[in-house]
Amino acid sequence: MIQLTAVLKKILNGFAAADAGEYLSAREKSAYLENIPSGLVNATDPVPVARPAASAKVSTHRCVAMYMGSELPVAVMDYVIETCTSLNHDLRVLTFEAGAVADALLQPYADRLKDRGVRMKTARLSGEPIQGLARYLRSHPEVAFLACKDSGYLGRSYLNGTLQKRGLPVPVVVVAAGKTPAQATDDIRAANVA
């Protein structure tokens, strides 16, 4: 009778986990699986917790992605810094520009980001812009949304309706840029072309 009870408990726990798998979000599933009381599971069986492989480096901290071209308007950076601060998210800068150009554009904001406790990483993408962004965003589920300026290729595509609403796997926030964007100097741009 004790074996039958143990088997029934396992079956009911399996049904509960399957039910949770169908109706809960990914975050709720993880919390549910990690909080299963050990008394409900047979002590010889491992607790069913979905974890990434040890070799896989998956960021668990949410972040805001910002698509940056050859200029970085102050209004866009102000929006991104304030949003990252209020949401306690990191910043991921996505660019197709050379490393020195991206660094030159982001350098004026380094101290402000550090003071606000916002960790920033830059990811240099390749290929076609939309496909490169989509590929990166699909492989990084920690990205909450993508911010871009209204005067750039991506922002204009969304505002003019030439890009489908579901063109990218995350929501896109198009920020109205000010009239004084920070631009990479011509000598930095020329050095990266050679």
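Which of the three applies to segment 63-193, rounded, prolate or oblate, going by the alpha-carbon gyration tensor with a ≥ b ≥ c and a/c under 1.5 meaning rounded? Each step should come with its number before you reach the end.
Numbers: a/c = 1.38, a/b = 1.10, b/c = 1.25.
Rounded is the answer for segment 63-193, as its axis ratio a/c remains below 1.5.
Among residues other than Arg92 whose Cβ falls under 9 Å from its Cβ, what is the net charge (Lys/Arg +1, Asp/Glu -1)?
Overall, the nearby charge balance is -1.
Every number in this text was worked out from the coordinates using simple rules, so none of it is lab data. Just so it is clear, the model here is predicted, and its values are computed rather than measured. Cβ sites come from the backbone with ideal geometry, for glycine too, and all protein chains shown count toward neighbours.
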